[in-house]
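Colleague: Please read through the structure below; I'll follow up with questions.
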Amino acid sequence: MFEHADVADQPAPGWSEETFAPWREALEDGALALDMLREEQQRIGSAEAWRARWIAEFCRSRPWTNDRPDTEIGAAAAATRAARPSILATVSEWAVDEVATALSITSAKAQAWMVQSLQLVDRLPATLDALAAGALTWDHAAALCQVVAPLDDDQLRVHAEERLLTRLGHKTPTQLRAAAHRLVQRLDADAISRRVETALRERGIAVHPTGDGLGSLSVTNLPLPVLRAVEDALRQYADAARTPGDTRTRQQRMVDCLLDLVLRPGEHGLAPVQAQLTVIATITTLLGGDDPGEISGDVVPAHTVRALARALGVLPADGAAPVDPTGATAGPEPTREGGDRPEAQQEAAPTEAGQAARAAAAGLTDLLDARTLNGTALAHRPHIAVVDELTGQLLALTDAAGLRSGQALGPPPPTDRYTPTDALRRHVQLRDRRCRFPGCRRPGRACDQHHLTRWPLGDTSAENLCCLCRHHHRLVHQAPGWELHALSDGALRFTTPTGQVLITHPAGPRDDASPPGRSDGPQTGVDPPGDDPPPF
């Protein structure tokens with residue numbers, strides 16, 4: 001078949017020693033680095049195994065009997081209890097907060113580590129030993145916790161764990177999870193139904209900020225056929241919405257259609273709803289400056305604030321280039337060859353910049369001077385905040401009418417009632433901006449107003465109120481060993497049952513302007529569950 005088959009029998013010349021020498025040293029160095037990496041990974045596995053053991057030990061020191069009984073007012077809501085992982089049923093609901101603050105991690109991460117640690121210690125001891133020996137990573141162990149640990153039959157669980165560890169080889173965590181799914185389906189088909197039922201109870205929607213005023217919206221734990229149906233419906237909407245000259249991709253049109261379907265009021269036959277957004281921006285930002293603003297607790301670029309304000313009709317739409325309060329244009333000035341501008345442009349530029357600045361200022365003046373909300377997207381007249389120049393903390397909150405009437409600048413007056421007035425509630429919400437518990441990011445508008453000194457011993461005033469989400473409001477009233485004290489500078493000092501001290505301050509428009517030494521505790525970034533209303 002081949003005329004020169006004898007050539008194939010000749011040995012290939014290969015690399016000469018002279019050619020291979022430069023590569024040999026690099027390959028040997030890389031091999032040494034990988035050997036050190038494997039050893040380090042084994043030490044990490046051993047440390048993670050000890051972390052699991054200590055977390056499990058801590059959980060046993062916080063039994064569920066520390067919590068308020070279901071029969072008493074202020075106990076956790078039934079929906080909250082049902083949503084907790086079953087393996088935490090014997091653990092106090094406040095244990096998650098202690099782990100999160102002790103390790104400066106999110107509440108979600110703290111709960112996940114607690115669940116996995118108890119599963120490894122109590123249900124998958126062989127996996128825990130393999131982790132301690134460095135035979136697998138935490139991600140491998142988490143895969144077995146997810147699929148094998150829920151097996152109720154002890155013998156089946158031990159058999160499945162042993163078989164998967166024996167055949168671990170060089171499987172990645174994804175491959176190990178897939179193998180565990182196949183094995184569990186053969187051993188206990190009912191386990192799938194139980195796992196699906198648990199996942200459906202945990203379904204939800206989450207927003208994940210990604211920076212620069214952007215983020216992602218995720219829908220979790222829905223049946224895959226339902227998600228495929230939603231995807232197909234959005235694809236059909238996107239294809240129907242395509243028009244000649246539309247440069248958007250199908251994916252972009254699908255996202256735009258989803259927003260239109262959700263946010264378009266009354267177009268789908270259901271009762272219209274209103275999305276409530278709190279927009280916080282400086283006058284400089286609204287006039288065209290670069291200071292970032294804040295929309296419902298998320299920091300966003302200045303141009304996003306202005307675009308939203310124009311889209312909602314809060315500020316007049318205009319095509320002028322952004323300007324700053326001094327009247328300077330934001331873009332580069334046109335030049336001609338030689339670097340000199342035409343005389344006509346030299347005369348027109350200041351005039352155009354001044355007109356743009358005056359138009360922006362006039363629009364802002366009209367906004368602040370609004371006397372009626374008819375025909376606007378406003379829920380109330382815009383407020384003017386007086387803030388501390390150094391810290392950015394709120395000092396007073398008023399409006400244009402209050403300034404014209406000579407209203408005193410400062411917090412609203414206290415009330416002799418338990419419930420704060422609307423003005424007082426609004427002041428505290430915008431002062432604190434979010435739950436004051438260390439690391440909690442629940443927006444102030446979704447929080448309770450907590451009396452630092454119990455009412456009626458303490459009055460209902462700005463100095464005696466702070467924002468706490470429902471979960472952490474219940475914690476300061478009910479969790480054994482927790483203490484909360486107000487400090488003279490408006491800070492709050494939280495002391496955990498183990499003596500750890502965490503201090504938080506009102507967020508302020510510019511968190512980067514915090515005073516030296518300020519500590520606001522771990523940033524958990526997770527909204528705790530909502531429970532039954534007070535009293536506690």
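Colleague: What number of residues in the range 423-461 are in a helix (DSSP H, G or I), among the small types (Gly, Ala, Ser) and either touching a Ser or Thr at 6+ places or on another chain (Cβ under 8 Å) or buried (at least 21 other Cβ atoms within 10 Å of the Cβ) (or both)?
Modeller: Matching residues across the range 423-461 total 1.
Colleague: Being closer than 20 Å to VAL299 by Cβ, modelled with pLDDT of 90 or more and part of a loop (DSSP other than H, G, I, E, B) is the requirement here; does PRO420 meet it?
Modeller: Against the criterion (closer than 20 Å to VAL299 by Cβ, modelled with pLDDT of 90 or more and part of a loop (DSSP other than H, G, I, E, B)), PRO420 does not qualify.
Colleague: Moving on. Of all residues in the range 222-248, which are surrounded by 13 or more Cβ atoms within 10 Å (Cβ to Cβ), outside any helix (DSSP H, G or I) and of a type outside the set (Lys, Arg)?
Modeller: Scanning the range 222-248 gives LEU222, ALA241.
Colleague: Find the residue count for the range 59-85, including only residues that are closer than 17 Å to HIS473 by Cα, acidic (Asp, Glu) and exposed (fewer than 11 other Cβ atoms within 10 Å of the Cβ).
Modeller: 1
Colleague: Given the residues GLY458, GLY490, which is the only one that is of a type outside the set (Lys, Arg) and more than 28 Å from the chain's Cα centre (by Cα)?
Modeller: GLY458
Colleague: Further question on the same structure: Which pairs turn up if I take residues in the range 294-311 that are over 19 Å from ARG431 (Cα atoms) and buried (at least 21 other Cβ atoms within 10 Å of the Cβ) and look for partners that are hydrophobic (A, V, I, L, M, F, W, C) and at pLDDT below 70 with beta carbon separation below 7 Å, at least 6 apart in sequence or on another chain?
Modeller: ARG306/LEU315; ALA309/LEU315
Colleague: Right, something else. At pLDDT below 90, hydroxyl-bearing (Ser, Thr, Tyr) and in a helix (DSSP H, G or I) - does that describe any residue in the range 46-57?
Modeller: No, there is no match, as no residue in the range 46-57 is at pLDDT below 90, hydroxyl-bearing (Ser, Thr, Tyr) and in a helix (DSSP H, G or I).
Colleague: Moving on. Quick one: in the range 95-123, of everything that is assigned to a helix (DSSP H, G or I) and among the hydroxyl-bearing types (Ser, Thr, Tyr), which residue is modelled with the lowest pLDDT?
Modeller: SER107
Colleague: Kindly indicate whether any position in the range 130-138 is closer than 30 Å to CYS435 by Cα, touching a residue at least 60 places away in the same chain (Cβ under 8 Å) and crowded, with 24+ Cβ neighbours inside 10 Å.
Modeller: Checked against the condition, which is being closer than 30 Å to CYS435 by Cα, touching a residue at least 60 places away in the same chain (Cβ under 8 Å) and crowded, with 24+ Cβ neighbours inside 10 Å, the range 130-138 yields no hits at all.
The values are calculated or read from the model by the stated rules, or taken from the named source; none is laboratory data. The shown structure was predicted, so the numbers you read here are calculated from the model rather than taken from an experiment. All Cβ positions, even for glycine, are placed from backbone atoms using ideal geometry, and neighbour counts span all protein chains on display.
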